[in-house]
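Undergrad: Sending over a structure as structure tokens; questions will come in a sec.
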Amino acid sequence: IDLSVTWLGQTMPGCLYNASGVWCREEDELEALHASAAAAVITKSATLKPRDGNPEPRYCRTPLGSINSMGLPNRGFDYYLDYARRYRYGSGKPLFLSLSGLSLDDNCAMLRRLAEEGLPAVPEVNLSCPNVPGKPQLGYDFAATAEALEAFDAAYSGLYGVKLPPYFDPAHFAAMAEILNRHPRLAFVTCINSIGNGLVVDIDSEAVVIKPKDGLGGLGGDYVLPTALANVREFFRLLPGKDVVGCGGVKSGREAFMHILAGARAVQVGTCLYHEGPGAFSRIAGELAMLMRVKGYRSLDAFRGRLRTL
Ligand SMILES: C=Cc1c(C(=O)O)[nH]c(=O)[nH]c1=O
């Protein structure tokens, strides 16, 4: 059973890696991911300067997944760039740098700095952070997204990707696809980020469960799987020649299989990784391989994007 994935001009040894933001803020976390069965590593979204993030409690696990309003706590771009300088690319596991600047200028400054370094690390620009008060999600502003992507192309001459928020309407899928298809070096989209601004209520305390934004936060886990699969399948259809990375609701080989069937090139794990740790990757990969064996598939190419309609 071959779980390898060939994309971005390289072949990675498997198809699973972390969702940005989970188990990836500190170097020791990143090294633990690299040492695990994860097939790639992506860093916590970086801002130009370090950030403490929102007041705690800002993350809460629920029976169906998670809610978070972290507020972009991160060590700052230089920390992750330094890690990218020392990263062992020879392992065959790609390193992705997630960038989430607080302004277009900041995103372009980080992209230009990365371009100057000429490192193999691939940028995934976050258009979808739902938890910085006062900063609407770029990905929900089509004109701003169009302008940003023009600026990214000018700032960075290599291949890059974007992390998209979930969309919920065919008109929005079409509008975003029309914009994304203008950019040949935009090689992949990662669908989806958390479903923004959900509210989890604790009936015992009769209170919300996280402090920021009066309890509003991004949802992950079981809550988001159908939305994630819809976004993967729609953008897989609408973005010919680009890759779609699936993210959302993956906790076993079953959901990984669903994402790939929907068209995902590779699959990220967030909430499940947060609670299980990097051992989740070998478990999920084993479950996926077993599922493929039972179904008679020897590689991901044998079923990627083959979701049947009725
Ligand atoms: C980069 C900020 C994000 C955060 C955060 O740091 O609050 N949480 C998410 O669920 N998605 C994000 O993109």
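Undergrad: With the cut-off at 1.5 for a/c, could you classify the stretch 60-186 from its C-alpha gyration tensor as rounded, prolate or oblate?
TA: Details: a/c = 1.65, a/b = 1.18, b/c = 1.40.
It is oblate, given that a/c is not under 1.5 and a/b is not larger than b/c.
Undergrad: Can you list residues from other chains, or at least 5 along the same chain, whose modelled amide H is less than 5 Å from the amide H of G65?
TA: Counting only residues 5 or more places away or on other chains, the set is D222.
Undergrad: Please give the per residue accessible area of the stretch 106-256, computed with a probe of 1.4 Å over protein heavy atoms only, in Å².
TA: Accessible area per residue: 41 Å².
Undergrad: Can I ask one more? Skipping prolines and chain starts, which residues have an amide H placed within reach, meaning under 5 Å, of the one on V125, given they are 5 or more residues away or on another chain?
TA: Distant-sequence amide H within range of V125: L99, G161, V162, K163.
Undergrad: To check you understand DSSP bridge types, tell me what percent of the beta bridges within the stretch 181-247 (both residues inside) are antiparallel, rounded to 5.
TA: Close to 55 percent.
Undergrad: Count neighbours as other Cβ atoms within 10 Å of each site's Cβ, and list the trypsin sites (Lys or Arg not before Pro) in the stretch 158-215 that are DSSP loop with at most 14 such neighbours.
TA: R182, R185
Undergrad: Give me the extension gain from R185 to D82: residue separation times 0.36 nm, minus the current Cα-Cα distance, reported in nm with one decimal.
TA: Going from the current span to full extension adds 34.6 nm.
Undergrad: Next up: Assuming 0.36 nm per residue, please report the length gained on full extension of the stretch E27 to A207 beyond their Cα-Cα distance.
TA: 61.3 nm
Undergrad: I need to check one value: relative contact order of the chain, counting alpha carbon pairs closer than 8 Å and at least 6 residues apart, in percent.
TA: Relative contact order here is 20 percent.
Undergrad: Please report the spacing between the Cα centers of the stretch 65-121 and the stretch 35-55 in Å, no decimals.
TA: 7
Undergrad: Right, something else. What is the spin-label model distance, in nm, from T6 to E56 if the labels are put 7 Å beyond Cα along the C-beta direction?
TA: 4.6
Undergrad: Still on this structure, please answer the following. Quick one: grab Rg to one decimal and Dmax as a whole number for the stretch 101-147, Cα atoms only, in Å.
TA: 12.0, 34
Undergrad: Right, another one. Take every Cα-Cα distance within the stretch 65-115, group them into 10 Å bins from 0 onward, and report for each bin the whole-number percent of pairs it holds.
TA: Reading the bins upward from 0: 20, 45, 28, 8.
Undergrad: Write down the percent of antiparallel bridges among all DSSP beta bridges whose residues are both part of the chain, to the nearest 5. All intermediate terms of the calculation are to be shown ahead of the outcome.
TA: Working: 17 of 43 bridges.
Approximately 40 percent, going by the DSSP bridge assignments.
Undergrad: How much length is gained on full extension from L64 to K49, taking 0.36 nm per residue of separation minus their Cα-Cα distance? Don't skip to the end; give the middle numbers.
TA: Details: separation 15, 0.36 × 15 = 5.40 nm, distance 3.39 nm.
Contour length minus Cα-Cα distance gives 2.0 nm.
Undergrad: Ignoring ligands, DNA and RNA, please state the percent of accessible area on the chain from carbon and sulfur, probe 1.4 Å.
TA: 53
Undergrad: Here's something else I'd like to know. With the cut-off at 22 Å, tell me which of the pairs K135/K251; K163/K251; K49/K251; K163/K242; K44/K93; K93/K163 have Cα atoms farther apart than that.
TA: The answer is K135/K251; K49/K251.
Undergrad: Loop-only trypsin sites (Lys or Arg not before Pro) in the stretch 254-310, please: DSSP not H, G, I, E or B, and at most 16 other Cβ atoms within 10 Å.
TA: When the trypsin sites (Lys or Arg not before Pro) of the stretch 254-310 are filtered for loop state and at most 16 Cβ neighbours within 10 Å, R298, R306, R308 remain.
Undergrad: I'm checking a number: the convex hull volume of the Cα atoms of the chain, normalised per residue, in Å³. What is it?
TA: Values: hull volume 40.4 nm³, N = 310.
Spelled out: Cα convex hull of the chain, divided by residues, is 130 Å³.
Undergrad: Among DSSP bridges having both ends in the stretch 40-117, what percentage is antiparallel? Round to the nearest 5. Write out the running numbers ahead of the final one.
TA: Working: 5 of 8 bridges.
Roughly 60 percent of the DSSP beta bridges within the stretch 40-117 come out antiparallel.
Undergrad: Taking the Cα of F303, stepping 7 Å toward and past its beta carbon, and measuring to each backbone N in the stretch 9-43: which are under 19 Å?
TA: 14-17
Undergrad: Jot down the radius of gyration and Dmax of the stretch 205-310, Cα atoms only, both in angstrom.
TA: Spelled out, the Cα radius of gyration and Dmax of the stretch 205-310 are 15.8, 51 Å.
The values are calculated or read from the model by the stated rules, or taken from the named source; none is laboratory data. Small disclaimer: the values here were computed from a predicted structure and weren't measured. Cβ: placed from backbone, ideal geometry, glycine included. Neighbour counts: every protein chain shown. Please note that ligands, DNA and RNA were not included when accessible areas were found on the heavy atoms of the full protein model with its side chains. Shrake-Rupley method; radii C 1.70, N 1.55, O 1.52, S 1.80 Å.
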